[in-house]
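Step one of this worksheet: look at the structure below.
The values are calculated or read from the model by the stated rules, or taken from the named source; none is laboratory data. All values reported here derive from a predicted model rather than from experimental measurement. Don't worry about glycine lacking a Cβ; one is built from the backbone with ideal geometry, like all the others, and counts go over all protein chains shown.
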Amino acid sequence: MATPSEVSDENDWVDDEEPGNTQSAPEYGEKVELHMTSRQLTAEQVRALQPLVDGYIGLQGSERTAYVREAFQSVWDGETMDWADPHSWPSRSKNARFHYVRLAVKNFFKERGRIRDVVVRLPGKFRDWTALSACGEIYKDAISNLVKDVTKLKPGDKQGWLAEYKKARSSYYYSLGVAERQEIDKICKQWNRTGIPITIKKKEFDRHCKKALLDVAVTCLKRYGIYVYFLIVGEPGTDIRTNIIDFSPELGLGSVHFENDTIMDNTLSRLQKFVHTNAGAGDVQARKAKKPPPAHRFDKVTAFQLRSDHFRNRNSLKINKSEFDLSKLETEAPNILYNLFRTAHANISPRPPTQLRPPWAAIGRNECIDPRFFPDGWIHGDPTTMPRAKQLQLIEHLFTVGELEFHHWVLPNSEPQPPVEFDRRWWAATPGEAGYDEFEAAKAQALAARPTHFASTQATSTAAPAPEVVQSDLQVRHENPTDVRVRTGKAKPSTSPYGSGRAVQFHTPTLWEETSFAFPPEFRPAPDPDDNLPATGSLQLVHAPCSIPANSEARGQWMHKVLSEGTWDVSLPTQLVKHCLVKLCELPLVPNHFYSASNFRKASSPIPLPNTVRWEATSLDHFLNYDCIPAVQQFILSSPWRILKTSGEVFAGIDVSWLLLLAFILYFRVYPTLAPSEALDVSDLSRTLRHFKDFLASLHSTYDYPDVGPSAKYAVASSREAYLYNVIKYEDVLVSLLMCIQRMPDSELTTANDIASGASFPSWQSPRCGLPPSLHSDPAIVQNLTTWFTTCDMFITPSTGMSVPREAGLLALLKAVCVYHDIQCIQFENVDSMGQLSRSHLAPAVDQLSGILIQWAELCVDRLNTTLPPSQSDGFESSPPSPLQLSAEELDFIRGGQGFGAGPSASQPVAGPSGSGGGALGGPSRSAGSSSPQPTPQRGQELPLLDPAYTEAIVAQPNNLAYLQSLVAQGDQPPGSERDAQRLLAIERHNRLEDQARHNAAVLEARKEHNLEQYGTAYKPPVPKQPLLSALPIIPAAPPRSSPPPEALPPAQPATRKTKRARPVEVQDLANVPVPKPKRIAPRPVNKRVRPSKPKATKRAGPVLQPKKKPRKTARKRAEESDSESAAETDYVSNNDVGGADNADSEPPSPRMAFPIDSHAHPSTPPHSTTSMPQATSSTTPSRPRIAQYVARSPVSTRTRKRRRNSTQNQATSPQTVVISPPRRQPPSKRQKVEVLIPRTRRVFATASTTTKPKPRMVRKKPVADAVSINAEDQI
């Protein structure tokens, strides 16, 4: 996954310590990628979100928000999130990709869920082609003849010919066969998307175009007050003459049309004058000319004169010192540098210098230009703002180099782009223009220029033009930021347009079978892994040899397209190369077929294969190093497709044959640049290609095998599923198995299979649709196949009971299809040229294997039907029903005139994809008395009322199915040029938008109907709100208060003197009071008023002895201690009074205390101490100085005093805990309560000393006790 630094949108920074290390501020061109839905979502995420669009359309309000959030959670591929807690989701600064993908999912549903039709329609009838209208256009002459036979009316008669024509058209359409009506449905779809054929367009133009244009002209005059004249240009092939359509008489401008007798340059001005004269209108104010852009302050330069030969027909700008006025260099240095860099930069772009400015920022990043055009140690920047000495230094350096060239050009706020082709340069010449011959010569030389790799850190040694260069990884990341920022996990391989995409159809036309399928099922093609780009490929070089997949189909399509669209010398035998590649693609399995070309890279190889002939070439201009041309010529003339041995000629392998055709194409590209003495003769090239073609033809005839192998599957059908269906289309159970495999889950895109993989069995690159020769010659082949057909493990995983991926299922079915094909060939004696099928060990057991194969297929279908999900998902219908289809029985029923409006009988099973009886699931079904499938109409539809007269007369009309198929093939033909492709893409884009809008509207309408049935309204009603309190609750009345009887009252007390009572205690909760952070400060003496200290003791207290040696206390001492312990108050707070939470009997602190006493700072008095004063500890660890806190007497009794609340700050700790430098005054916690006495009493102060210790209280002792203490001290 992309790191936050890769997608961070924080402010840029500047490192002051490293000069020049400054990141520019982000621009729109850099940020736009992060807000594009297509750049943030991967293909897997889009495929997962697309089925959820229908559910999004039917929701409203907050339901859509929750729906989008759940969809985002299902496709998020980043780190694990706690979706239940949105507060834990990362912020934009920590994980920007999380927010960009979330926004992309939201925009995805908005874009795909739009209902409004945004397609712009041309003026005219707002309706599409239907089956009836297309039938009337195709069979127009036949329907007109039918009307003439029945009613004797001719086209155009006013006695009701149009009404009769509609009747005859309906009868003619419903009398057609099922196959013909299906072809008409295909024609309708093609015409609605790409337009009608050119031949019909000419007729439509003659009939309806002028009327449609007249309607537009009248509308413009009535609504907008303008006269419209149409300058029409016919589509190529329509034979419509370019002309001006004039409706002057129809618009009231007189009976004289505008006379078109002048050249086109003066037509528009004369047309405006003609309209003004006849209409009598006043002069129309001319449109104000657009102001020219302001001139740049450096545009004017007089030191030199720039001519076209300085930059035209080349990539660089020539700089000659002799053409400059050296006396003006110092004064015009900024102007000179600005014009030189601007002209050189625009020289490789399609824009003139006046529309582009020098890319100083890109030059400062060492982009777009080579460092050799600057002096050594040059600091890049805008040279027009540099000191004059630096400018003159740069000009002198350019004089020394002699030219200035850019290898990339930049548009404002965009990334660098490679140079455009010569035909797109702003100075390109057109045929017939002066200098066209020189332009063509320079173009050919540029195409043969050596490609140069430009790096941003080093300079190239020599100047070279800049054709299509290979982009570095950094440039690729700049152009495709999604490759770095969005893709997470394992990278999915990209696909090539050559392969299953069928970019070019070049195979033999007779091999195509898909159009001849009789009622084929609906195919859902799976992505072909063989379309993946090779390891050397890149999406930026998708049309280069290095990006062509290593299979025969892709290489053949690419070569055919290059030869068809490229500009080649007319004398080169390009057509022979096309014939050879067709033969090579359709080559059957021959000996030595998969021999690798790497065996010919050795020096002792019989075939001189050069190292430069490789598929890793990054462009067609690969043979630019003329040193390799002799080796390539030797390779071409050495007949490398064969190896001469004692037994005769042996095929060198298909791999080296493709390299030979690649060498021809690359050699043709460099052929115009070679000298006549160095190039091969065209006759030698043609002779070599003819020999190669004849050799391949001989291999075809010698090793011919029935049908086409899987390697050439796209010569038969458009998908692998259709190719398999072509082989098994007459076996219903195998067709059902194919339909079940289509319902398997799609597998991950794996690496592509190359040509060498065709040697294994089964393989999609095998040139044979059957078993290889080694299996035909194996005596145990029947037993091995019988064992293989007794299990379904190839479709069901035994450990999980789930189906295997779809790709594995197709490969297993391919093996069964190859066996089925060989069995059919042996049974019908359709053997190969080598006789392998007739001598195969399968021949004696074909009947046994055929039955085993059918039983195996039925078992697999039953297992898969119970394992796989149903083919049609539950939900609302999103598309209208298919056109009406009639069976043969109903067609006979209509033609017989027995009745109309009757649908299919209830007892007749409905076949087809939705049928439930008598046929394969999802495939065709066959009735008992019919040899071909006959679909039946959908239930609930009735036939239109047809005229019996026309239905009886239609029987004699012939049906031309071949003509319909030719129209379909004409519509399926791929575009022949780039213009046609762009036109079809533009039309298809609008069609898809219209289809999506129509689909969304249908889903929304179905949702409304569902809401009407369930809720009674078109929209789902909102959730009802919680009921509010409409009235105050009724409180029961209080009972009447009665006074107590006089005898129950207490006797009156005599008046006494008032005494001061304790004030109530107010408790304030500090839970929401902010607590300031304590500061560690050293205690300092307090100068406040304190009580005078007691006099210093004259004698020290007795030493602390061991418990066994402690002398017994006197009776007086014991009496005094008992009195002190039972006292309710004391002058000083002892350590026992401020004990922790463990001392449950301790008295709580007074609310007058300034702060709670820390028990760690005041350890408790030892039990054997003779005084109640706090004693200093003998520990050496630094501790907080003790504080003596004076507590006043409290009037509250000790017994009724409120017990102190336990707190985390006053809990006792273990003796091992060492407290280091605690704060002098700890702040109260949020849970602590502060007790305040009301009214406020006098203030109490505390003293603290950092040097002195509290002195013990003087106690009067007897002389004997003093003597004992002294003697004990002396003993210590």
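Restricting attention to the range 593-626, and to residues there that are charged (D, E, K, R) and out of contact with any Lys or Arg (no Cβ under 8 Å at 6 or more places or on another chain), which single residue is surrounded by the fewest Cβ atoms within 10 Å (Cβ to Cβ)? This residue is 602. Within the range 515-540, residues that are outside the structural domain of residue 43 (by TED's automatic domain parsing) sit with their Cβ atoms under 7 Å from residues that are charged (D, E, K, R) and assigned to a loop (DSSP other than H, G, I, E, B), at 6+ positions apart or across chains, in these pairs: 517/729; 526/746; 536/616. Counting only residues that are touching a Lys or Arg at 6+ places or on another chain (Cβ under 8 Å) and not polar (S, T, N, Q), which one in the range 209-254 is surrounded by the most Cβ atoms within 10 Å (Cβ to Cβ)? Applying the filter and picking the extreme gives 240. Within the range 212-238, residues that are among the acidic types (Asp, Glu) reach partners that are in a helix (DSSP H, G or I) with beta carbons closer than 8 Å, at six or more positions or on different chains, in the pairs 235/198; 235/201. Among the residues making up the range 150-166, those that are touching a helix residue (DSSP H, G or I) at 6+ places or on another chain (Cβ under 6 Å) and either touching a residue at least 12 places away in the same chain (Cβ under 8 Å) or not in a loop (DSSP other than H, G, I, E, B) (or both) are 150, 151, 164, 165. When the criteria are applied in full, residue 247 fails the requirement of being among the aromatic types (Phe, Trp, Tyr) and within 30 Å of residue 975 (Cα to Cα). With respect to being surrounded by 18 or more Cβ atoms within 10 Å (Cβ to Cβ), part of a helix (DSSP H, G or I) and not polar (S, T, N, Q), residue 705 falls outside the description. Annotation note: of 757, 799, 774, the sole residue that is free of Cβ contacts under 8 Å to residues at least 12 places away in the same chain, over 27 Å from residue 846 (Cβ atoms) and not in a loop (DSSP other than H, G, I, E, B) is 757.
Listed here are the residues, each with its yes/no results for (1) crowded, with 18+ Cβ neighbours inside 10 Å; (2) farther than 26 Å from residue 494 by Cβ.
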{"position": "727", "(1), (2)": "yes, yes"}
{"position": "735", "(1), (2)": "yes, yes"}
{"position": "761", "(1), (2)": "no, yes"}
{"position": "766", "(1), (2)": "yes, no"}
{"position": "784", "(1), (2)": "no, yes"}
{"position": "798", "(1), (2)": "no, yes"}
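Of the residues that make up the range 645-660, is at least one in a loop (DSSP other than H, G, I, E, B) and touching a Phe, Trp or Tyr at 6+ places or on another chain (Cβ under 6 Å)? For the range 645-660, residues in a loop (DSSP other than H, G, I, E, B) and touching a Phe, Trp or Tyr at 6+ places or on another chain (Cβ under 6 Å): present. Quick check: anything in the range 427-444 at pLDDT 75 or above and either in a loop (DSSP other than H, G, I, E, B) or over 17 Å from residue 316 (Cα atoms) (or both)? Yes, the range 427-444 has at least one match.
If you filter the range 358-371 down to residues that are touching a helix residue (DSSP H, G or I) at 6+ places or on another chain (Cβ under 7 Å) and in contact (Cβ under 8 Å) with a residue 40 or more places away in the chain, you find that the one that is nearest to residue 300 (Cα to Cα) is 359. Can you tell me which condition residue 71 does not meet? The list is (1) at pLDDT below 90; (2) aliphatic (A, V, I, L, M); (3) surrounded by 13 or more Cβ atoms within 10 Å (Cβ to Cβ), and all the others hold. It is condition (1) that residue 71 fails. Inspection of the range 374-389 identifies no residue that is free of Cβ contacts under 8 Å to residues at least 60 places away in the same chain and touching a strand residue (DSSP E or B) at 6+ places or on another chain (Cβ under 6 Å). Could you check, for the range 825-839, whether at least one of its residues is under 47 Å from the mean Cα position of the chain (by Cα) and assigned to a loop (DSSP other than H, G, I, E, B)? Checking the range 825-839: not a single residue is under 47 Å from the mean Cα position of the chain (by Cα) and assigned to a loop (DSSP other than H, G, I, E, B). Restricting attention to the range 323-361, the residues that are under 13 Å from residue 394 (Cα atoms) and small (Gly, Ala, Ser) add up to 1. Residues in the range 637-658 that are of a type in the set (A, V, I, L, M) and surrounded by fewer than 20 Cβ atoms within 10 Å (Cβ to Cβ): 637, 643, 644, 650. For the range 551-574, what are the residues that are surrounded by 21 or more Cβ atoms within 10 Å (Cβ to Cβ) and in contact with a Phe, Trp or Tyr (Cβ under 8 Å, 6 or more places away or on another chain)? Correct list: 552, 553, 554, 555, 556, 557, 558, 560.
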